[in-house]
Amino acid sequence: MTDDALIGRYSTGELIFREGDPGTFACLVRSGLVELYHPRGTGNIQIATVKPGQLFGELALFDGGPRMAAARALTTVEVHRIDREKFVAELDALDETTRYIMNELLTFVRETDPYNANERTSVTPEMAERIREMREFLRGVAFGRTLSQSPNPSTRTLGELLVFYAERRIPPEQ
């Protein structure tokens, strides 16, 4: 990566972060392709290919928890890095309801980890109920779409992430 704190440049095959690393930043892909994967034994389980305009490592912005996957450059990649500390300082200004919803969503995502869903043999009845509740909540309210129209960049990012999870990350209905 270059010395510029906001822009990261990675060569083909270069590791951006490892699964389990502390989450101190997220990345918005400006150019190139990034692979998200789980290292397993002698191979990897690919979980996503991230393209220009897409975000990855976004849970780190909110909770700084360990990385749920590894990321590496599939091609020469340039990303805009979003520093967690700066993002959290802006989020602290949000109202209590917005912070509560954000924390509920993060807890849910970490609990269910949809990328690992294909490694499980079955989902417990309790987890199935939690998934159903969260799916209903995110689809049933326009909250995320409302936030994504905010003039505040942090609020707008939160709204975009809520919409993203509602549409793409929640495990499919069985």
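Applied to the stretch 6-19, the Karplus parametrisation 6.51 cos²θ - 1.76 cosθ + 1.60 on θ = phi - 60° returns per-residue 3J(HN,Hα) values of 9, 10, x, 10, 10, 7, 3, x, 6, 6, 9, 7, 9, 4 Hz, with x for Gly and Pro.
Amide hydrogen proximity for Thr76: with H placed 1.01 Å from N in the peptide plane, the residues at 5 or more positions away or on another chain lying under 5 Å are Thr12.
Taking amide hydrogens as placed 1.01 Å from N in the peptide plane, the amide H of Ala69 sits under 5 Å from those of Gly20, each at least 5 positions away in sequence or on another chain.
Every number here is computed from the coordinates shown, using simple stated rules; none is lab data. Worth saying up front: this structure is predicted, and the values here are computed from it rather than measured.
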